[in-house]
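Only one structure is covered here, and it is reproduced in the block below.
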Amino acid sequence: MAHRLTINSITPVGGTVFQYDLEKPENFSFKPGQATDVAIDKDDWREETRPFTFTSLPDWDKLQFTIKSYPDHDGVTKQLMNLSPGDRLIIDDPWGTIQFKGKGVFIAGGAGMTPFLSILRDLRESGELAGNRLFFANKTVTDIFCKDEIDGMSGLAVHHVLSEEDRPGYLHGIIDEDFLKQHVSDFNQKFYVCGPPEMVKSVKQALKSLGANAEEVVFEE
Ligand SMILES: Cc1cc2nc3c(=O)[nH]c(=O)nc-3n(C[C@H](O)[C@H](O)[C@H](O)COP(=O)(O)OP(=O)(O)OC[C@H]3O[C@@H](n4cnc5c(N)ncnc54)[C@H](O)[C@@H]3O)c2cc1C
């Protein structure tokens, strides 16, 4: 069922990523990690739906999306960057397969962090962050979004991985089999993977050849 929702605030959170806080329809529910189809409620854009993940928690009194814009490309995310509070988005019912199934290693590439942001916020609220690890891959340090919040998640082991910059305090490279072998010692645990499709495919393949059980690897299907 479609809902037309007013944007109450838009907050920059790093790089070209913005958080959009929206009014929440009554009795709207979703699970942390789920997404929905979103369109901009303006002429010429209502039919252009794109998937985005809720980064608010189900018990918040607002909905939130955390959206990376691609300003060089004339798509929906470029238009989103130009919206203001008072504009509206049209959203549909929640869907998606990424859900927390137990302690493990989260591997996120760029905007693929969004389902994990929601899941990790939920674990923070319930005091269950300890024992989880996050590898957050970006091209450069300026691409990292919500960095202060993520780094401040007490109990979560956070590793930022930069593919195009070599900086002290950051891991450098891409997350491939060699990288995983070097940084993860136990492949008999849960892995959560979300990012660009080619990254998800290659990380899944690498995890498989390192002995991870396919049923313990959670990704968007
Ligand atoms: C389940 C799911 C949940 C998601 N959740 C989020 C989220 O919470 N936050 C978020 O930021 N993203 C999320 N995404 C990704 C998001 O849906 C896309 O970034 C968005 O649909 C892009 O829309 P667009 O209209 O801007 O680009 P589109 O017009 O849809 O174009 C995207 C395509 O254009 C290509 N492209 C990109 N830039 C250029 C360019 N400069 N020139 C030519 N081609 C280009 C891309 O490779 C891509 O194939 C999610 C995706 C999925 C599948």
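Bear in mind these aren't lab numbers, they're just calculated from the coordinates by the rules spelled out. Everything numeric here is computed off the predicted structure, so don't read it as measured data. So basically every Cβ, Gly included, is an ideal-geometry build from the backbone, and we count neighbours across all protein chains shown.
Would you work out which of ALA206, MET153, PHE116 lies farthest towards the positive end of the dipole of segment 104-219? Charges go on Cβ: Lys and Arg +1, Asp and Glu -1. Farthest along the dipole direction, towards plus: ALA206.
Note on the chain: antiparallel DSSP beta bridges, both residues inside, total approximately 55 percent of the bridges counted. Mean projection of the Cα convex hull over all viewing directions, computed for the chain: 12.1 nm². Within the same chain, lysines fewer than 8 places from LYS201 are excluded, and of the rest, those with a Cα less than 20 Å from its Cα are LYS139, LYS181, LYS190. Which angle from 0 to 90°, rounded to the nearest 10, does the C-alpha axis of helix 197-209 make with the longest principal axis of the chain? The angle comes out near 30 degrees. Annotation for segment 49-108 versus segment 176-211: alpha-carbon center distance of 25 Å.
The dipole here belongs to the chain: it is taken about the Cα centre, uses +1 on the Cβ of Lys and Arg and -1 on the Cβ of Asp and Glu, and is about 420 debye. In the chain, helical runs assigned H by DSSP with n ≥ 4 each contribute -39500 (n - 2.57); averaged across all residues and rounded to the nearest 500, the mean residue ellipticity at 222 nm is -5500 deg cm²/dmol. Mean separation of Cα pairs under 8 Å and 6 or more residues apart, divided by the residue count, gives the chain a relative contact order of 19 percent.
Pick out, in residue order, every one of the trypsin sites (Lys or Arg not before Pro) in segment 123-221 that is DSSP loop and has at most 15 other C-beta atoms within 10 Å; say none if there are none. Intermediate values should be presented prior to the final figure.
Working: sites: ARG124, ARG133, LYS139, LYS147, LYS181, LYS190, LYS201, LYS204, LYS208; in loops: LYS139.
Listed in order of number, the matching sites are LYS139.
Of all lysines in the structure, those lying under 29 Å Cα to Cα from LYS24, and not within fewer than 8 positions of it along the same chain, are LYS42, LYS62, LYS68, LYS78, LYS101, LYS147. Treating each Cα of segment 3-91 as one equal point scatterer and applying the Debye formula with no solvent, the log10 of I(q)/I(0) at q = 0.26 Å⁻¹ comes out as -1.59. For the chain, the longest principal axis of the C-alpha atoms and the axis of helix 114-125 are separated by about 80°. Rank THR66, THR140, THR55 by mean-square fluctuation in a GNM of the chain with C-alpha springs under 10 angstrom and give only the top-ranked residue. Sorting by GNM fluctuation, first place goes to THR140. In segment 104-219, Cα pairs under 8 Å separated by at least six residues give a relative contact order of 28 percent.
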